[in-house]
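Trainee: Below you'll find the structure I mean.
The values are calculated or read from the model by the stated rules, or taken from the named source; none is laboratory data. Keep in mind that this is a model prediction, so the values were computed, not measured. FYI the Cβ positions are ideal-geometry reconstructions off the backbone, even for glycines, and counts take in every protein chain you see.
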Amino acid sequence: MKAVKVCALLVICAVQPCSAQQPEKRRPGPFLIWGPVHVIRDEQAAIKNVNGALVEGPRVLVQTIIYSEDGTKQEQTFYRPDGTVRQKRVSLYEPDGRHLEDSEFDGRGELQNRAVYHYDDQQKLIERIAYRADGTVLSRQTYVRQGDQTVSESTMYGPNGAIIHQSTSTSSKQVTAGGRTDKFESLSYGKDRVVRREDVITQTPDGVQMREERSDVAPPRRETFTPAGKGNSERVLYNADGTVRSKERYTREFDSHGNFIKGVMSVAPGDSTDFKPANVSYRTIEYYD
């Protein structure tokens, strides 16, 4: 659960603009990382109430990321709560940010699978193929763009090459004076049934986001995300009946490059405004300069 919370915090950090100085050159990859970053070390500490006082627990290492000097090679290592390696991923990028390849390793360093990305003449992603360690195809995804709409087809294969699962998804975006709407629809084909899922993200001009998820196999989910300036934000999660389940508030600190280095997540139950700190995320960054 801790790792999930840290990942959620890092993703939120990735989509928020920094309040620091004018951004430097961005590193390739899914997160907003600026400047000549060499090593990132992410840790998290839980905050507990001990005899009426809030006490920060020991820091737990979550992940490390090592960048090559030009940022095109990244080695990401994930850790278990006891400090042992859970998984490792090596990713390759073009200098322009295009994703080229991912290699996944287990905690012992043994290759599990490898994914390769292919692009068209306009440098748009058209295919992703994943291979098992023995070289057999694990999955294949294709992407076809038509205006503001992208259609993706995904197929998973067994070790003998037989198809074991298929799905299709369609993503589209619409921009108006009132904001932007991104819509994702998918159909997953199993042996006995077809599962439909819809995900809609609406963003207003002032940065407020609302996300709604619906599927045939789970209750609807809804959440809102509101920026609060200087890297801070608030997230509200709703129950299926529309009532507020909980609120999360994030306060963050950035270094001189504009990179996130510390964040505190506070939680309030229901529609309450009684926020209490739940955990602290620390990011230690080493630079090439």
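Trainee: Please pick out the residue among Gln146, Gln209 that is among the polar types (S, T, N, Q), farther than 26 Å from Gln87 by Cβ and over 23 Å from the mean Cα position of the chain (by Cα).
Mentor: Within the list Gln146, Gln209, the selection yields Gln146.
Trainee: In region 163-177, how many residues are surrounded by 14 or more Cβ atoms within 10 Å (Cβ to Cβ) and in contact with a Pro (Cβ under 9 Å, 6 or more places away or on another chain)?
Mentor: The number of residues fulfilling the criteria is 0.
Trainee: Quick check: is even one residue across region 172-182 closer than 27 Å to Ser103 by Cβ and either among the polar types (S, T, N, Q) or within 21 Å of the chain's Cα centre (by Cα) (or both)?
Mentor: So far as region 172-182 goes, no, none of its residues is closer than 27 Å to Ser103 by Cβ and either among the polar types (S, T, N, Q) or within 21 Å of the chain's Cα centre (by Cα) (or both).
Trainee: Mind listing whichever residues of region 24-59 are acidic (Asp, Glu), closer than 16 Å to Tyr282 by Cα and over 17 Å from the mean Cα position of the chain (by Cα)?
Mentor: Glu56, the sole residue that qualifies.
Trainee: If you don't mind, there's one more thing I want to ask. Spot the failing condition for Val267; the list is (1) in a loop (DSSP other than H, G, I, E, B); (2) closer than 30 Å to Thr64 by Cα; (3) among the aliphatic types (A, V, I, L, M), and only one is missed.
Mentor: Answer for Val267: the failing condition is (1).
Trainee: Go through region 23-66 and report how many residues are at negative phi and in a loop (DSSP other than H, G, I, E, B).
Mentor: Residues that pass the stated criteria total 13.
Trainee: A further question follows. Against the definition (within 29 Å of Trp34 (Cα to Cα), in contact with a strand residue (DSSP E or B) (Cβ under 6 Å, 6 or more places away or on another chain) and surrounded by 15 or more Cβ atoms within 10 Å (Cβ to Cβ)), how does Gln87 come out, yes or no?
Mentor: Criteria met by Gln87.
Trainee: Hey, any hits in region 113-120 for a residue that's over 25 Å from Tyr288 (Cα atoms), modelled with pLDDT of 95 or more, over 22 Å from the mean Cα position of the chain (by Cα) and in a strand (DSSP E or B)?
Mentor: yes
Trainee: Being free of Cβ contacts under 8 Å to residues at least 60 places away in the same chain, more than 26 Å from Leu138 (Cβ to Cβ) and either surrounded by 15 or more Cβ atoms within 10 Å (Cβ to Cβ) or among the hydrophobic types (A, V, I, L, M, F, W, C) (or both) is the requirement here; does Val60 meet it?
Mentor: yes
Trainee: Could you grab me the full set of residues in region 67-81 that are in a loop (DSSP other than H, G, I, E, B) and acidic (Asp, Glu)?
Mentor: Glu69, Asp70
Trainee: I would also like to ask the following. Which ones in region 192-239 are of a type in the set (A, V, I, L, M, F, W, C), surrounded by 15 or more Cβ atoms within 10 Å (Cβ to Cβ) and under 22 Å from Ser167 (Cα atoms)?
Mentor: Val200, Ile201
Trainee: Something else about it: Being touching a residue at least 24 places away in the same chain (Cβ under 8 Å) and part of a strand (DSSP E or B) is the filter here, so list the residues in region 135-155 that pass it.
Mentor: Val137, Leu138
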